[in-house]
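Just so it is clear, none of the values below were taken in a lab; they were calculated from the coordinates. This structure is a prediction, so every number in the text was calculated from the model and none was measured. When we count neighbours, we look across all protein chains shown, and the Cβ atoms used for this are built from the backbone with ideal geometry, even at glycine.
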Amino acid sequence: MTRPDAPLHLSSGEEKKQEEFFASPRVPRRIERLIEEYIEKKTGKSWNDPVVLERIRNAVVVQKGGYWARGRRRQISYAKGYDVLAYLAYQFPVYLVQTELLLHDFVADGLIPRDMRVLDAGCGPGVVSLAIADYLGRVEGATARIDAIDRSEEHIEAYQALAPRYAEKKGRVAVERPAVRDLLGPPEERPGGPYDLIVFSNVLNEIPGAGPEEKAAMIAGFAENLSPDGTVLIVEPAEKDASTALREVQRTLVSAGLTVYAPCTPLWGETCRPDRCWTFVTGPEIRPPRLMEALATGEEGYRYRNTDIKFSYLVLRKDGLAREGYRIEKNLKAARLGALDDHVGKRIHLCAARMSADIGDTGRHVVKICDGTPKKPVYAVLPEYSRNEGNEAILTGRYGEILIVRNATVRYNREADTYSVIIGRKTTVTPAGRGCGT
């Protein structure tokens, strides 16, 4: 288990700057203006020209239709200029902030070296590169060199108009021109590294015709160019199909020898069964940029407003390092979630990770939990009238945090084919503690 020899640590002043950004996150005004200038260059009109805005709206609608399509009907392309403009207007703001949130977690965990080399794999118009430049712009003395690849010439054109200019202003990030590469291309076409961080941001779900084995093989191939203490980050939309498909890729990658740093923890040392694993994290709502506000005027303006942060992610390592080091202790009398069928109607103790935000409704809190063994989804259910200081950790813990639950009741939901662990007044929920584990 290793961490960088010279990890990036924030001073109290730098930590305060990051917290202020995340308290009310938004696309930095300089990036907003660069996007507006790019629109004007591409269209020959003002960024808020009514004709330009209407064409972007139309492209957003088509793009959203592609994201929600299933099977062979799912075709997502960035071959045309307005495809990229729609991405910049609708997807980009949320993706930028969520990347900075993840980077902040990595810094807190000591995973990021003060001088890092990054590969932005499937870079698009520069979400990851711009997020790194913006984050490090609030840190003294940290640097990054970023290589990028993408198969879309339109995306690369947008990347060149945005990332180098913003990085130059910040002065701490060196951004190379992206190479035109297909992620599934031959190994000899991959950048050489070694990299401290390799990021696949919202790209796996857009690879047509590739199954989990092919995607996993591609990621494992890129990971060969990871530094010994480096990290692979994969981010996917919170949408059910994309999120569950990510866990299938995860299972294949674990079988190939990579280890999961977060968010999953194999508490019993078993390989999980992710057939129905839909889990995602949420973040603070972003403030909409000027372009999004302009698109969102009119009766159906809500169709062009995208401010909620919800995403699924996977962090991989080669050294066995894990965010949550806790494993089931021999003296802990805990039921495996994969064996809840034997405990329906009974009171049990269990140990599991908190794997969702509160997804319940009025009067009833619901949180997905997992210990790496479930054959069917398991949810912790806390009625509001049962909530107290002894059990509310089920709602306040960090995503992925390990919790010990004592004196809960098991129920089976036949209609949904899921299990519920009912948290009552006498149920206690306590954090198991964090540490470095294998």
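Applying a length cut-off of 18 Å (Cα extent along the axis) and a mean Kyte-Doolittle floor of 0.0 to the DSSP H helices of the chain leaves 50-68, 92-108.
Label sites at K346 and D115, each approximated as a point 7 angstrom past Cα along Cα to Cβ, lie 5.9 nm apart.
Considering Cα pairs under 8 angstrom that are at least six residues apart, work out the relative contact order of region 337-431 and quote it in whole percent.
Numbers: 219 pairs, mean separation 32.2, N = 95.
Relative contact order, region 337-431: 34 percent.
Scoring 83-89, 177-183 by mean Cβ neighbours within 10 Å over their residues and listing the highest first yields 83-89, 177-183.
Applying the Karplus parametrisation 6.51 cos²θ - 1.76 cosθ + 1.60 with θ = phi - 60° to the phi angles of region 353-367, what ³J(HN,Hα) value in whole Hz is obtained for each residue in order, glycine and proline being reported as x? Working through the residues one at a time gives 8, 7, 10, 6, 6, 6, 10, x, 10, 4, x, 8, 8, 10, 9 Hz.
For the pair T271 and D358, the difference between a 0.36 nm per residue extended length and the Cα-Cα distance amounts to 28.7 nm. Residues in region 335-352 carry Karplus couplings, in order, of 7, 6, 5, x, 10, 5, 4, 7, 10, 4, x, 10, 8, 9, 9, 8, 9, 7 Hz; the curve used is 6.51 cos²θ - 1.76 cosθ + 1.60 with θ = phi - 60°, and Gly or Pro positions show x. Applying both filters, DSSP loop and at most 16 other Cβ atoms within 10 Å, to the trypsin sites (Lys or Arg not before Pro) of region 340-438 gives K346, K375, R387, R398, R414, R425, K426, R434. Over the chain, DSSP H runs of length four or greater, each weighted -39,500 (n - 2.57), average out per residue to a 222 nm ellipticity of -10000 deg cm²/dmol. Between the beta carbons of E214 and D319, assuming R0 = 35 Å, the FRET efficiency works out to 0.85 to the nearest 0.05.
For the chain, what's the relative contact order in percent, using C-alpha pairs closer than 8 Å and at least 6 residues apart?
14
Return the percentage of antiparallel bridges among DSSP beta bridges fully within the chain, rounded to the nearest 5 %. If I count the DSSP bridges inside the chain, around 55 percent turn out antiparallel.
By the rule of a C-alpha distance below 13 Å, with chain neighbours fewer than 8 residues away ignored, the aspartates and glutamates paired with K310 are E236, E239, E285, D358.
Take the Cα of I422, step 7 Å toward its Cβ, do the same at A174, and the gap between the two points is 6.3 nm. In this structure, the residue pairs whose Cα-Cα separation is over 32 Å, taken from K169/K318; K80/K240; K16/K41, are K169/K318; K16/K41. Residue-wise, which Karplus ³J(HN,Hα) couplings in Hz belong to region 416-428, taking 6.51 cos²θ - 1.76 cosθ + 1.60, θ = phi - 60°, and x for glycine or proline? Taking θ as phi minus 60°, the curve returns 8, 6, 9, 10, 10, 9, 7, 8, x, 4, 8, 6, 10 Hz for region 416-428. Note on H9/K41: beta-carbon distance plugged into 1/(1 + (r/R0)^6) with R0 of 41 Å gives a FRET efficiency of 0.55.
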